[in-house]
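Below is one structure, written out as structure tokens; comments come after it.
Read-outs throughout are calculated quantities, based only on the coordinates presented, and are distinct from any laboratory measurement. What you are looking at is a predicted structure, and each value in this text was computed from that prediction instead of being measured. Cβ placement follows ideal geometry from the backbone for every residue including glycine, while neighbour counts extend to all protein chains displayed.
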Amino acid sequence: MKRIIALIAMIGSAAPLLAGDFTGTVTLKGSPPPEKPIDPLKSDPSCGKLVTGTPTTTHYVVGPKGELANAIVIVKGVPGAKSTGASAAPVIVDQKACIYHPHVFAVQTGQKITVKNSDPVLHNVHTTPTVAGNKESNNAQLANGADIHLSFDKAEQFLRFKCDVHPWMFAYACVVDHPYFALTGADGSFKISGLPAGKYTVEVSHRKAGTVSQEVEITDAGGKADFSLEAK
Ligand SMILES: [Cu+2]
């Protein structure tokens, strides 16, 4: 028994104490401008045939109580934080019916982004980063063509992907240089695991609604904080 207790004590002292989950919800105050139908998509001879319903822009994805999707939540200044992107599973981005899915996604620096073309039409995947060290790329992708693999070396929020063939096609990558981040889901919620206990600045950004930040304390039991952005 004594040996077991000593062993537990040894394990306890060797590994850093990780807190519980950091959770919360991001909401939007005010009414966002209405989304616009993407008419050119429907009238395009090849893409129009693939579409059902009326595709619209998705600048704001907001729930009934203002729950805001596609906001990136980043915990700043975590001691020893560094990217584990090289060993993380790739993030899949697909082009279906001439729309990127997902519209906004989050990856770590060095993490592979696999871009698929599920459409029977030609697309091209044109990235237009604005942070030095992230490379612009422009790759044609044939109908149901081979996947394109991309990654970025520097942190950059809402790094744009566009298709030069179809001027309504955009996707945005949130690239973070450590694992302590989350993108909010359709219910506005987020969960970040594995944080050491401590006080941190947490930054929340949305492509249209801007950025807010607040100080958050994470204890061994975890932490909770809600954020609010203003519709613009
Ligand atoms: Cu396209």
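Among the residues of region 154-168, is any out of contact with any strand residue (DSSP E or B) (no Cβ under 9 Å at 6 or more places or on another chain) and surrounded by fewer than 20 Cβ atoms within 10 Å (Cβ to Cβ)?
Residues of region 154-168 that are out of contact with any strand residue (DSSP E or B) (no Cβ under 9 Å at 6 or more places or on another chain), as a first pass: 167.
Imposing the further condition that a residue be surrounded by fewer than 20 Cβ atoms within 10 Å (Cβ to Cβ) reduces the set to 167.
The answer is yes, given that some residue of region 154-168 is out of contact with any strand residue (DSSP E or B) (no Cβ under 9 Å at 6 or more places or on another chain) and surrounded by fewer than 20 Cβ atoms within 10 Å (Cβ to Cβ).
Tally time: how many residues in region 64-113 are part of a strand (DSSP E or B) and either among the acidic types (Asp, Glu) or within 16 Å of the ligand (Cβ to nearest atom) (or both)? Break it down stepwise before answering.
Pass one, region 64-113, residues part of a strand (DSSP E or B): 67-68, 72-76, 91-96, 99-101, 104-108, 113.
With the extra rule that they be either among the acidic types (Asp, Glu) or within 16 Å of the ligand (Cβ to nearest atom) (or both), the set shrinks to 67, 93-96, 99-101.
Selection size over region 64-113: 8.
Of a type in the set (A, V, I, L, M) and under 20 Å from residue 28 (Cα atoms): which single residue out of 146, 197, 221, 182 fits that description?
On inspection, the qualifying residue turns out to be 182.
Using the structure shown, decide if residue 194 is part of a loop (DSSP other than H, G, I, E, B), at positive phi and more than 16 Å from the ligand (Cβ to nearest atom).
Yes; evaluated as a whole, the condition is true for this residue.
Hey, can you tell me all the residues within region 169-214 that are β-branched (Val, Ile, Thr) and surrounded by fewer than 19 Cβ atoms within 10 Å (Cβ to Cβ)?
Answer for region 169-214, where residues must be β-branched (Val, Ile, Thr) and surrounded by fewer than 19 Cβ atoms within 10 Å (Cβ to Cβ): 201, 211, 212.
How about region 117-156: which strands (runs of 3 or more DSSP E) wholly inside it have at least 2 residues that are more than 23 Å from residue 168 (Cβ to Cβ), of a type outside the set (Gly, Ala, Ser) and away from the ligand (no atom under 15 Å from the Cβ)?
Values: elements: 123-128, 137-141, 148-150.
In region 117-156, there are no strands (runs of 3 or more DSSP E) which contain 2 or more residues that are more than 23 Å from residue 168 (Cβ to Cβ), of a type outside the set (Gly, Ala, Ser) and away from the ligand (no atom under 15 Å from the Cβ).
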